[in-house]
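Following: one structure in structure tokens, then a few remarks.
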Amino acid sequence: MKLKCVLLFFIVVSNVSATNRAQVDVISVEYPPYTSKKMEGYGDVIRLMNTYAEEHLLVDIKPRFLPPARADKEIQDGYWCLSTYPPKQNYKGAKFVPLSDERVGLTLIRVTRNEAFEWEDLSVYEGKYVALLRSKTQTVLQSKMVEAGLRLVYVGTMEQGLSMLLKQRVDFVLGDQKTITESTVAQLNKDKLQISTSTLHEAGVGFYYNTKCQTKLFGTLAP
């Protein structure tokens, strides 16, 4: 009887150990509907990441929401494993894992006008103010806008940027189609907002991982 109890205890402990996976933070910022602590499942990307983690990662994930500048600094410092916030293009040691075939077209949003919203040369908006998520260092896209003569106004969330736009404190917000269709501020003012047909940049839907964490995350089967 004692032997059976010992064996049963060993089996239970073994099963608990087998399912007790480490939990790793995912650096994220408020960018609904892709990532948001106010949304069910923390947004589209986090939901996709959870499914991916169950099938491909050796760890469970937990989103850790930070202001954009703080997220940028933590990535630059190198003490991270997973992030939905993009590292700078010159950052060495980060790899991107796509989670869907969707492409996000980053462009400009303005208060609705009757004429088409498009451009061939971004410099036609020289001197205009554009709100965008704050970052510690300037990205290639930000440099492109500065070179065209736009004036950058950094904000902590997309909601803050859209509120400033509606109050005419800025001329544009850097965003995408889902910024209009799914953010709370935009939903309440969707007839007042217009997104350009011209695109500044395209990005994939997915996450980044630090190659220093490759074995911890994937074992020997890294993508």
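Please state the equivalent ellipsoid semi-axes for the stretch 84-151: what are the square roots of 5 times the Cα gyration tensor eigenvalues, largest first, in whole Å?
27, 17, 11
Only helical DSSP H runs with n ≥ 4 go in: add -39500 (n - 2.57) per run for the chain, normalise by residue count and round the 222 nm mean residue ellipticity to 500 deg cm²/dmol. If you can, show how the numbers build up before the last one.
Numbers: 8 runs with 74 residues, N = 223.
Here the helix-only value at 222 nm equals -9500 deg cm²/dmol.
Label point 7 Å out from Thr184 along Cα-to-Cβ: which residues of the stretch 48-85 have amide N under 20 Å?
So the set is 63-68.
In the stretch 100-135, which GluC sites (Glu not before Pro) fall in coil by DSSP and have 14 or fewer other Cβ atoms within 10 Å? List each step's numbers first, then the result.
Working: sites: Glu102, Glu115, Glu118, Glu120, Glu126; in loops: Glu115, Glu118, Glu120, Glu126.
In loop regions of the stretch 100-135 (DSSP not H, G, I, E or B), the sparsely surrounded GluC sites (Glu not before Pro) are Glu115, Glu118, Glu120, Glu126.
Let's test the formula: R0 of 45 Å, r as the Cβ-Cβ distance of Lys73 and Glu120. What FRET efficiency results, to the nearest 0.05? Write out the running numbers ahead of the final one.
On the way: r = 36 Å, r/R0 = 0.81.
The pair Lys73/Glu120 has a calculated efficiency of 0.80.
How would you order 104-114, 42-52 from highest to lowest mean count of nearby Cβ atoms within 10 Å?
Working: 104-114: 16.4, 42-52: 19.5.
Ranking the peptides 104-114, 42-52 by packing returns 42-52, 104-114.
Where the centre of each part is set by its Cα atoms, how far does the stretch 190-223 sit from the stretch 98-160, in angstrom?
The stretch 190-223 and the stretch 98-160 have Cα centres spaced 18 Å from each other.
Over the stretch 87-204, what portion of Cα pair distances is larger than 17 Å, expressed as a whole percent?
On the way: 3959 of 6903 pairs.
Percentage above 17 Å: 57.
Going through the cross-link list Lys62/Lys216; Lys144/Lys178; Lys88/Lys128; Lys62/Lys88; Lys38/Lys73; Lys38/Lys178, which pairs have a Cα-Cα distance over 19 Å in this structure? Walk me through the intermediate numbers first.
Values: Lys62/Lys216 15 Å; Lys144/Lys178 23 Å; Lys88/Lys128 25 Å; Lys62/Lys88 22 Å; Lys38/Lys73 23 Å; Lys38/Lys178 16 Å.
Exceeds cut-off: Lys144/Lys178; Lys88/Lys128; Lys62/Lys88; Lys38/Lys73.
Under 20 Å from the 7 Å Cα→Cβ point of Lys88, by amide nitrogen: which residues of the stretch 18-41?
27-29
How would you classify the stretch 31-109 from its alpha-carbon gyration tensor, with a ≥ b ≥ c the square roots of the eigenvalues: rounded for a/c under 1.5, else prolate if a/b is greater than b/c, otherwise oblate? Could you put the intermediate results ahead of the total?
Numbers: a/c = 1.34, a/b = 1.08, b/c = 1.24.
Rounded.
Please list, ordered by chain and number, the residues whose modelled amide H lies under 5 Å from the amide H of Tyr129; skip anything fewer than 5 residues away on the same chain.
Arg151, Asp171, Phe172
Averaged per residue, what accessible surface does the chain expose to a 1.4 Å probe, in Å²?
Working: 12950 Å² over 223 residues.
In whole numbers, the chain has 58 Å² accessible per residue.
Between Glu102 and Cys213, 0.36 nm times their residue separation minus their Cα-Cα distance comes to what? Intermediate values should be presented prior to the final figure.
On the way: separation 111, 0.36 × 111 = 39.96 nm, distance 2.63 nm.
Difference between extended and current length: 37.3 nm.
How compact and how long is the chain, expressed as Rg and Dmax of its alpha-carbon atoms in Å?
So, for the chain, Rg and Dmax equal 21.4, 85 Å respectively.
Tell me the net charge near Thr107. Cut-off is 11 Å between Cβ atoms, Thr107 excluded, with +1 for each Lys or Arg and -1 for each Asp or Glu.
Details: positive: Arg110; negative: Glu118, Asp176, Glu202.
It works out to a net charge of -2.
The values are calculated or read from the model by the stated rules, or taken from the named source; none is laboratory data. Everything quoted here is computed from the prediction, not taken from an experiment. Note that each Cβ is placed from the backbone with ideal geometry, even for glycine, and that neighbours are counted across all protein chains shown. Each accessible area value is taken on the protein alone, full model and side chains, heavy atoms only, with ligands, DNA and RNA left out. Shrake-Rupley method; radii C 1.70, N 1.55, O 1.52, S 1.80 Å.
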